[in-house]
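The values are calculated or read from the model by the stated rules, or taken from the named source; none is laboratory data. Remember, predicted model here, so these are calculated numbers, not experimental data. No Cβ is skipped: glycine too gets one built from the backbone with ideal geometry, and neighbour counts run over all protein chains shown. Note: accessible area is taken over every heavy atom of the protein model, side chains too, but ligands, DNA and RNA are not part of it. Shrake-Rupley method; radii C 1.70, N 1.55, O 1.52, S 1.80 Å.
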Amino acid sequence: MNAKKTSLVLGLVSCGAFALVVGCASDGGGSTTPTTSTTETKTTTTSTITTSSSTGTKTSTNPSGDTVTFTSGQAGGPMSGYGWVAMGSLDKVTSPTCDSGVAISSTTPCTTSTVWSKADQLCISGNIPALPASPMQADYDNNWGVQIGVNAKEPSSNIGKSFSSVDVSVSGATGFRVMLHKKGDPDGTTYCYTYAGSAIKVTDFNTKCWGDPTTVNFTTSDAENVDKIMVQIPSAAAAIPVTDFCLKSITLK
């Protein structure tokens, strides 16, 4: 499925590295890049679903309901933005691709339309290399994993909905992270929590996943200002083949 025209956004992470984000950012700079962890340490289909869509800017509607679903790369419900993917410079993504058929990477960003493998899910496939036995900061900078993200609105803006918990429906991986970004925060400031199979209280999210020396906790009052939600498979001591890691829905209550 072809998603809306994409924009390349490079953002500083907390450790000073750059991460690639390919997504729909109508304001030319709305997609958030993830940071990398200094404490650390799945889409197979027989055919690609392709649909046409306009590359023009879509105006978001007011939040509706509690569950975010996806149609042709775009969110519906309390979020209405488009999906995107991000990865470290050493991490490989084979799906989604650009509509030109070129794989998305740090050296070949998609500047047209993202082709997702499923019409009703955001799925990513690829490979995360193993970290060295004694990883240095540069190893984390270049190999932090792969990520699926979705903007709250288009043009990029905050969700404008109060909620006290976040739950996600996924397939293809366990032990992944759920991440939140607030409008107005630097790209490298994200709040994360390792998913354990049930809804996460927003107050359980914090910045410690990235080795931030000053851990900041997310608050209930921050929820309305969320402008992006992400799920990420981080790098580890062993290589991780990613096959059909799919985000099916997000529930905000």
Next item on the list: Filter region 97-109 down to residues that are of a type in the set (A, V, I, L, M, F, W, C) and open to solvent by 20 Å² or more (accessible area, probe 1.4 Å) and give me whichever is farthest from VAL170 (Cα to Cα).
Entry: VAL102
Next item on the list: Quick one: in region 199-242, of everything that is hydroxyl-bearing (Ser, Thr, Tyr) and within 19 Å of the chain's Cα centre (by Cα), which residue is modelled with the highest pLDDT?
Entry: SER235
Next item on the list: Within region 171-184, work out how many residues are within 15 Å of CYS209 (Cβ to Cβ) and not in a strand (DSSP E or B).
Entry: 2
Check: Is it true that some residue in region 145-162 is out of contact with any Lys or Arg (no Cβ under 7 Å at 6 or more places or on another chain), assigned to a loop (DSSP other than H, G, I, E, B), open to solvent by 30 Å² or more (accessible area, probe 1.4 Å) and at pLDDT below 95?
Finding: yes
Notebook entry, point to check: Does THR189 satisfy being surrounded by fewer than 17 Cβ atoms within 10 Å (Cβ to Cβ), modelled with pLDDT under 95, assigned to a loop (DSSP other than H, G, I, E, B) and not aromatic (Phe, Trp, Tyr)?
Noted result: no
Margin query: I'd like the residue in region 219-253 that is hydrophobic (A, V, I, L, M, F, W, C) and over 29 Å from ASP120 (Cβ atoms) and, out of all such residues, is most open to solvent (accessible area, probe 1.4 Å).
Written below: ALA237
Check: Among all residue pairs at least 6 apart or on different chains, which show Cβ distances below 6 Å where the first residue, located in region 110-135, is under 16 Å from VAL150 (Cβ atoms) and open to solvent by 20 Å² or more (accessible area, probe 1.4 Å) and the second is of a type in the set (D, E, K, R) and at pLDDT 95 or above?
Finding: GLN121/LYS248
Notebook entry, point to check: Could you list, in sequence order, the residues of region 200-253 that are part of a strand (DSSP E or B), closer than 16 Å to MET179 by Cα and hydroxyl-bearing (Ser, Thr, Tyr)?
Noted result: SER249, THR251
Check: Which of the residues belonging to region 107-136 are among the small types (Gly, Ala, Ser) and over 15 Å from the mean Cα position of the chain (by Cα)?
Finding: SER113, SER117, ALA119, ALA130, ALA133, SER134
Next item on the list: Determine whether THR107 is part of a loop (DSSP other than H, G, I, E, B) and at pLDDT below 95.
Entry: yes
